[in-house]
Amino acid sequence: MRLLLAVALVLSTTTWADRPFPWTWASSTQPTHTNDVELWISSRHARLTPFDSLELRGFVSLAPVKRVDVHLGLETELAVRRFEDKTLDGRVSAIARYRFFDATEVLGFALMARAAFGAQSAVMEGRVVLDRVLGDVLLALNSSFERTVFWDRRDAIETRLEHSFGTRLAVTPDVSAGFELRARQALKSGEYQGTAFHFGPTLTISTKLAWFSLGVVVQVASHKAEGDKGNGERLIFRDDERFGLRLVVGTPAPPR
């Protein structure tokens with residue numbers, strides 16, 4: 001931690017990173033006519049059966065007009081449920097965010113939409129973003145609905161609802177630390193699969209050359225589907241795992 005703080009102070013800028021949290025979005029959009037390149041690296045590990053997942057997303061972010069930014073790119077996910085059971089999905093993806101109110105006013109409010117299309121599946125997502133800046137503290141609340149269509153008729157969970165809360169403190173103008181709480185609910189063909197609750201710390205650093213946001217979460221509680229009750233396990237792992245990690249890295253460009 002001391003080394004990271006020292007590096008941030010040497011390479012510091014005077015602005016916070018575009019992504020204050022790895023999973024939870026804020027309402028603030030990029031300044032008009034700016035752009036950056038982003039890389040998201042997400043990994044998930046540990047279920048009752050062997051499971052590992054690695055997801056990569058690469059985006060070019062644009063801010064064509066005031067209050068709007070757009071993220072265009074590619075995303076791919078490799079999931080290994082057993083050593084012989086592997087799935088690889090790749091999609092072209094687009095994310096759009098529109099900010100109605102600023103978080104430094106009464107309450108920040110933005111709406112987001114995501115569409116991703118690939119050879120094996122298509123994903124549609126809608127998200128509501130609320131946040132508030134109180135001095136050096138940022139509070140953010142998200143609610144999202146995601147639906148996946150599997151072209152290959154795969155028998156898998158296709159509907160997810162997620163609610164997340166994040167808070168962070170600006171330790172310096174360029175370094176902030178906090179935590180995120182996430183609750184993800186899954187449905188398969190309309191049947192409830194359970195809700196998992198994750199919690200963990202986050203760290204965000206901006207430098208002259210790049211910014212990054214890092215978070216690690218652990219499943220701390222769950223609400224089980226009816227078929228899982230009485231199975232002797234405290235947590236559920238139908239659609240969620242014990243550990244999750246996400247690193248988001250961006251290289252901002254100055255206004256034109």
Exactly one condition in (1) modelled with pLDDT of 80 or more; (2) farther than 19 Å from TRP25 by Cα; (3) not aromatic (Phe, Trp, Tyr) is not met by LEU72; state its number. (2)
If you take the residues in the stretch 52-85 that are β-branched (Val, Ile, Thr) and in a strand (DSSP E or B), which one is surrounded by the most Cβ atoms within 10 Å (Cβ to Cβ)? VAL70
Here is a list: ALA140, ALA221, ALA177, ALA122. Which entry is in contact with a Pro (Cβ under 8 Å, 6 or more places away or on another chain), in contact (Cβ under 8 Å) with a residue 12 or more places away in the chain, surrounded by fewer than 19 Cβ atoms within 10 Å (Cβ to Cβ) and part of a strand (DSSP E or B)? ALA177
Is it true that LEU88 is surrounded by fewer than 18 Cβ atoms within 10 Å (Cβ to Cβ) and within 21 Å of ASP239 (Cα to Cα)? yes
So which pairs qualify, if the first residue must be in the stretch 224-251 and within 30 Å of ASN35 (Cβ to Cβ), the second must be at pLDDT below 75, the Cβ gap must be under 9 Å, and the two must be at least 6 apart or on different chains? VAL248/ALA17; VAL248/ASP18; GLY250/ALA17; GLY250/ASP18
GLU241 assigned to a strand (DSSP E or B) and either over 17 Å from the mean Cα position of the chain (by Cα) or at negative phi (or both): no
Under 6 Å by Cβ, and 6 or more places apart or on different chains, what pairs join a residue from the stretch 68-80 that is touching a residue at least 24 places away in the same chain (Cβ under 8 Å) with one that is among the aromatic types (Phe, Trp, Tyr)? VAL68/TYR98; HIS71/PHE59; GLY73/PHE59
Can you work out which of the residues in the stretch 91-100 that are surrounded by 14 or more Cβ atoms within 10 Å (Cβ to Cβ) and under 20 Å from SER43 (Cα atoms) is modelled with the lowest pLDDT? ARG91
Being within 20 Å of ARG57 (Cα to Cα) and either touching a strand residue (DSSP E or B) at 6+ places or on another chain (Cβ under 9 Å) or β-branched (Val, Ile, Thr) (or both) is true for just one of PHE197, PHE165, PHE179, PHE243. Which residue is that? PHE243
Subset of the stretch 143-170 (residues that are in a strand (DSSP E or B) and charged (D, E, K, R)): GLU146, ARG147, ARG160, GLU162, ARG168
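The values are calculated or read from the model by the stated rules, or taken from the named source; none is laboratory data. All of these numbers come straight from a predicted model, not from anything done at the bench. For neighbour counting, all protein chains shown are included, and Cβ atoms are generated from backbone atoms with ideal geometry for every residue, glycine included.
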